[in-house]
Amino acid sequence: MTRSLFALALLLPACDGGDKDDSAVDSACDVTVTTFPATGSFDAYYRGDIEFRLTGLDSTATIETDIVGVQSLSSDGLTVYWTPTEALLPSTSYSATLHYCGGDATISFTTSALGTAMADESVLQGKTYLLDLENARVTEPPGIGALIAGELGGVSIYVGVTDLAEDQITVIGALGREDVENTQEYCDPSIDFPVADFSESPHFEIGGEGKTSITVADVTVEIQNLRIAGDFSADASYFGGGVLEGTIDTRPLDSLLDDSGEPGAICETATSLGVTCVPCTDNEPYCLSLKVDSITATEAPLELMEIKGTDCAGCLVGPPADASAECLPDEAPPV
């Protein structure tokens with residue numbers, strides 16, 4: 001459970017990663033370009049941006065492509081984005097070229113099959129998916145993923161579909177047991193996400209505004225504007241292209257890094273990495289904005305239960321008798 005808390009200290013991010021492609025360094029320009037997705041890749045996400053990451057500032061950098069879209073620049077001025085106006089087609093090849101001080105950097109890629117219509121949406125009912133955060137990519141803020149990459153190896157985070165309605169799906173989240181594979185942690189309440197927009201099936205969008213609370217071992221973390229999105233595969237065996245972003249109030253988790261529990265421990269660590277915390281809703285500067293993308297989640301052999309309570313001494317061995325009630329001692333049946 002300590003491992004789960006540490007991961008939540010930075011809102012479930014993962015190690016910096018993703019496919020990249022290095023271009024040659026021009027001696028006069030002295031700028032290297034990396035791209036996302038990698039040139040020659042066959043698994044690009046059809047709703048993702050095209051990225052050219054520079055090792056130095058270049059105000060002349062311009063993207064040329066047949067893809068209709070908009071160019072933008074990251075806050076540090078080192079990543080040039082091309083955001084398609086409309087989603088690309090699944091299983092289709094595309095290319096884009098960055099003209100910069102060192103010459104041209106071209107990326108050619110093919111999108112994955114994600115975005116293909118589902119054969120039967122009803123099979124999603126009751127399915128649970130295990131997030132692969134270790135192989136996801138932290139894009140905001142930089143450096144955080146490397147800080148906790150070793151901790152995420154033992155953290156299991158599940159999302160489950162509990163209801164389907166017209167153009168909507170209801171999803172809950174839960175942490176997994178650290179010592180038992182494919183088992184929900186009944187000692188922590190499940191996570192109630194806002195109803196997901198499923199009007200562009202197989203794409204789903206959860207949240208994006210308001211407040212979401214996550215409780216682990218009696219520590220409650222508040223996340224503002226939590227957004228989770230992705231696409232289910234045609235056979236519903238996994239979802240990919242996952243995005244998780246939001247702004248977390250770090251204060252409840254400061255004691256994990258500083259025994260005094262004084263607010264600011266996590267933000268001080270972030271500052272040492274060149275990352276600045278932002279004001280929370282009370283205007284105190286202890287919130288951290290995070291974004292993780294390229295998340296894949298595979299189907300897991302369990303159905304999540306809604307757990308509301310945290311008094312769970314009797315729930316270490318199994319679910320409570322009444323999943324809608326608090327998890328109290330002596331309520332859990334033997335395994």
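Observations
- Test: Thr110 is polar (S, T, N, Q) and modelled with pLDDT of 95 or more: yes
- Taking residues in region 151-167 that are over 18 Å from Ala297 (Cβ atoms), and partners anywhere that are of a type in the set (A, V, I, L, M, F, W, C) and at pLDDT 90 or above, the pairs with Cβ atoms closer than 6 Å and at least 6 places apart or on different chains are Asp167/Phe198.
- Every condition in (1) farther than 23 Å from Thr139 by Cα; (2) in contact with a Ser or Thr (Cβ under 6 Å, 6 or more places away or on another chain); (3) polar (S, T, N, Q) is met by Ser213 except one, and the failing one is (1).
- Members of region 228-260 that are within 17 Å of Thr215 (Cβ to Cβ) and hydroxyl-bearing (Ser, Thr, Tyr): Thr250, Ser255
- When Gly173, Gly126 are screened for being over 30 Å from Gly274 (Cα atoms), touching a Ser or Thr at 6+ places or on another chain (Cβ under 7 Å) and either modelled with pLDDT under 85 or among the small types (Gly, Ala, Ser) (or both), only Gly173 passes.
- Selection from region 265-282 of residues that are part of a loop (DSSP other than H, G, I, E, B), at pLDDT below 85 and surrounded by 14 or more Cβ atoms within 10 Å (Cβ to Cβ): Val275
- Positions within region 283-302 being of a type outside the set (Asp, Glu) and in a strand (DSSP E or B), in sequence order: Cys287, Leu288, Ser289, Leu290, Lys291, Val292, Ser294, Ile295, Thr296, Ala297, Thr298, Ala300
- Residue list for region 79-89, filter: surrounded by 15 or more Cβ atoms within 10 Å (Cβ to Cβ) and in a strand (DSSP E or B): Thr79, Val80, Tyr81, Trp82, Pro84
- From Ile144, Ile157, residue being in the same structural domain as Cys267 (by TED's automatic domain parsing), surrounded by 20 or more Cβ atoms within 10 Å (Cβ to Cβ), touching a helix residue (DSSP H, G or I) at 6+ places or on another chain (Cβ under 9 Å) and at pLDDT 85 or above: Ile157
- Whether a residue is assigned by TED's automatic domain parsing to the domain that holds Val155, in contact with a Gly (Cβ under 8 Å, 6 or more places away or on another chain), touching a residue at least 40 places away in the same chain (Cβ under 8 Å) and closer than 30 Å to Glu166 by Cα was assessed, and Leu131 passes this test.
- Annotation: of all residues in region 174-191 being in a strand (DSSP E or B) and touching a residue at least 24 places away in the same chain (Cβ under 8 Å), the one that is farthest from Asp293 (Cα to Cα) is Gln184.
- If you go through region 8-53 and keep only what is at pLDDT below 50 and under 11 Å from Phe109 (Cβ atoms), you end up with Asp19, Asp21.
- Filter result for Asp76 (outside the structural domain of Arg137 (by TED's automatic domain parsing), out of contact with any Cys (no Cβ under 6 Å at 6 or more places or on another chain), surrounded by fewer than 20 Cβ atoms within 10 Å (Cβ to Cβ) and not in a loop (DSSP other than H, G, I, E, B)): no
- Region 248-264: number of residues that are part of a loop (DSSP other than H, G, I, E, B), surrounded by fewer than 21 Cβ atoms within 10 Å (Cβ to Cβ) and not small (Gly, Ala, Ser): 5
- Out of Thr55, Thr34, sole residue that is touching an Asp or Glu at 6+ places or on another chain (Cβ under 7 Å) and within 27 Å of Pro141 (Cβ to Cβ): Thr34
The values are calculated or read from the model by the stated rules, or taken from the named source; none is laboratory data. Please read all numbers here as calculations on a predicted model, not as lab measurements. FYI the Cβ positions are ideal-geometry reconstructions off the backbone, even for glycines, and counts take in every protein chain you see.
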